[in-house]
Structure formats: C-alpha cells, structure tokens
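Novice: Take a look at this one; I'll ask things after.
Read the figures in this text as sums done on the coordinates, not as results from a lab. Computed from a predicted structure; not experimentally measured. We place every Cβ from the backbone using ideal geometry, glycine too, and count neighbours over all the protein chains shown.
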C-alpha cells in the first residue's frame, strides 16, 4: 500500500530530525538535569563542565530549571552566612587550655 | 624554642583560624550552643594532642571536622543515645527519596525560575536543614553550609564520593520539599496551579 509507505517515510523523517540538530553542548536534557548539582558545585571535570554549562545556559527547556536550582542554592548559602561564629571568649578559653596542656607536658591520656 | 613551643605555635597559627567554622559545625551537630562550645573546645584539645599526625599543608578544616564529628558521636553513644541516633537515621529510607526535581516540577507553572527562594527566610532554611534525617543533614551541612567538595566530605563521613553525591542530592530534594511546603503555607507561593500570585518576587510587602 502506497499511502502506508508514504506515512512511514514522513514519520521516519520526523523522528530523525532532532538527531540532525544536536542538543546544546551535545548533552541531552536528561543528562543536563542529572548533572546540574555537580555543575553548580564545580565538581565536573573541565570538558564535561563546559558541555553541561552550555546546555543549561542555552537550552530553553532547561534554563528555568537551572535558575530554580541556583535560586535554591543561593538561598541556602545566604542562610549559612548568617550563622554567627564562635562566642568571643571561646578562643581565649581554648588557648588557655592549650597552654595548660603544653606547659604541663602531660601526655594527655584519653 | 623547645619542640613543644614550636608545635604550639604552628597549631595556633594553623588551627585556631578555623575556630568559627568548627564551632558552626559543632552547633549544627549538637543543636545547642552550650554543647557546641564544649565540643569545639574538646575538638581543639584533641587536635592539639594529635598534632603530630596532621600533615602540614593538607586540609585542616576537614581534619578538625572529622575529630569534632567523632567526639560528638562517641559522646552520644556513651550517653546511650545510640539507638536513638540509629532510629532517626532509618526514618527516611534513602532509596525512597527522589533525586528528581519534584518541587521544580510542581511549581514551574506559577514560578518557573523559583523566584520564591528569595523570600524564604534564613531561619526557616536552617530549621529545615536541622530537621533533615541525620545522614542527609550531615551531607547538606558539609556541602551547602560549609562549602566543602565531595571528596573531602567523603573523608569526613568515611564514605565513597558516590555516596556523598547521593546524600547531597537527595538531601537537597528533601530540603526543597520542606521549604516549598513552608512557602505555600506562608503564602509566598500559591498552592493551586491557577496561581493567584503569579510571581513570588515583589509580592505582598
């Protein structure tokens, strides 16, 4: 049947088309999504980082996801930066304890 | 200068600048400022006694964190809290926690780029971190609060890098879920997909 072959030909072409234009960075959306945290954390090796970065920043589908994860990470970093340091007298207390330890020449068991 | 004086000097020079970081870590582990102070002091004393075993130039923060963590868990065990710790640890089966960006998918129609994160207050974020199951909490604290690389986290926790990744990723997903629920409850993002507030940024106030 001719129309069946025609249909197959059209469907076949439609299916092949995306493969002709490679995804940004030569990384699929799934791969980019899987590696977004590693990319943000700077844990990918150079070549992979460049490819994933290109994809995330130029793929219309993935870019909002990148912004979302960046926003989350920035919020956590911001919260972390608000945690105060040690109380002001803790350093002097520790130094005093170290002095006692060093000066006594004890082996400091346990 | 005696050897002892030299070692005290080098210890003071290298380890003491990490005091704030160790204290913050101790605070996240214990959840109580008093306990965190004691734990920090004990960490530095212990580190001083083992100063010989530290290789100069290697990452001192991770080394101090490892000591701090060991002291913390040993103290808990002594206090008979081992069962409690283990029970807590199993309350969330890591295999059941999705690595998928479920919150992103849930909120993308209303707030596609997650603008609502800007409006989640710091205290709420820290509370949510503290509320994570221990194995996720530890990974998230070390990676996101302390900014340590996966490799170093693996050394502190005594697990392979693959496990670190899994815990960090899943921990973040749990945290996102927690914070998203809070944001919905607080009215920062609308709960229904019709979206009465289309954008979280520049909302009410």
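Novice: Taking the Cα atoms only, what angle lies between the long axis of helix B:60-78 and the longest principal axis of chain B, rounded to 10 degrees?
Specialist: 90 degrees
Novice: Given bins 5 angstrom wide, list per bin the percent of all Cα-Cα distances in the stretch A:28-82, short to long.
Specialist: Each 5 Å bin holds this share of Cα pairs: 4, 21, 29, 22, 13, 7, 3, 0.
Novice: Taking Cα pairs under 8 Å and at least six residues apart, what relative contact order does chain B come out at, in percent?
Specialist: For chain B, the relative contact order is 22 percent.
Novice: Which of B:139, B:128, B:32 moves the most in a Gaussian network model of chain B with Cα springs under 10 Å?
Specialist: Result: B:32 has the largest fluctuation of those listed.
Novice: Further question: Taking the Cβ-Cβ separation of residue B:12 and residue A:21 as r and a Förster radius of 51 Å, what is the calculated FRET efficiency to the nearest 0.05?
Specialist: Result of the calculation: an efficiency of 0.25.
Novice: Dividing the alpha-carbon Rg of the stretch B:94-185 by 2.2 N^0.38 Å yields what?
Specialist: In units of the 2.2 N^0.38 Å rule of thumb, it is 1.11.
Novice: In degrees from 0 to 90, rounded to the nearest 10, what is the angle of the helix B:3-14 Cα long axis to the longest principal axis of chain B?
Specialist: Helix B:3-14 sits at roughly 10 degrees to that axis.
Novice: Using the count of nearby Cβ atoms within 10 Å as a rough guide to exposure, how do B:105, A:48 rank from fewest to most?
Specialist: Result, fewest neighbours first: B:105, A:48.
Novice: Still on this model: Return B:73, A:37 ranked ascending by Cβ neighbour count within 10 Å, so the fewest neighbours appear first.
Specialist: Ordered from fewest to most neighbouring Cβ atoms within 10 Å, B:73, A:37 come out as B:73, A:37.
Novice: When N is the residue count of chain B, what does its C-alpha Rg come to as a fraction of 2.2 N^0.38 Å?
Specialist: Working it through for chain B, the quotient is 1.22.
Novice: By counting other Cβ atoms within 10 Å of each Cβ, how are A:27, B:161 ranked from fewest to most?
Specialist: Least to most surrounded, the residues fall as B:161, A:27.
Novice: Take the Cα atoms of the stretch B:3-90, find their three principal axes, and give me the spread along each one in whole Å, biggest first.
Specialist: Computed over the Cα atoms, the extents are 45, 22, 20 Å.
Novice: How high is the relative contact order of the stretch B:94-185? Use alpha-carbon pairs under 8 Å, at least six apart in sequence, and give a whole percent.
Specialist: It rounds to 41 percent for the stretch B:94-185.
Novice: Also, quick follow-up: Any chance you could give the angle, 0 to 90 degrees and rounded to 10, that helix B:161-185 forms with the longest Cα principal axis of chain B?
Specialist: Taking Cα atoms only, the helix is inclined about 50 degrees.
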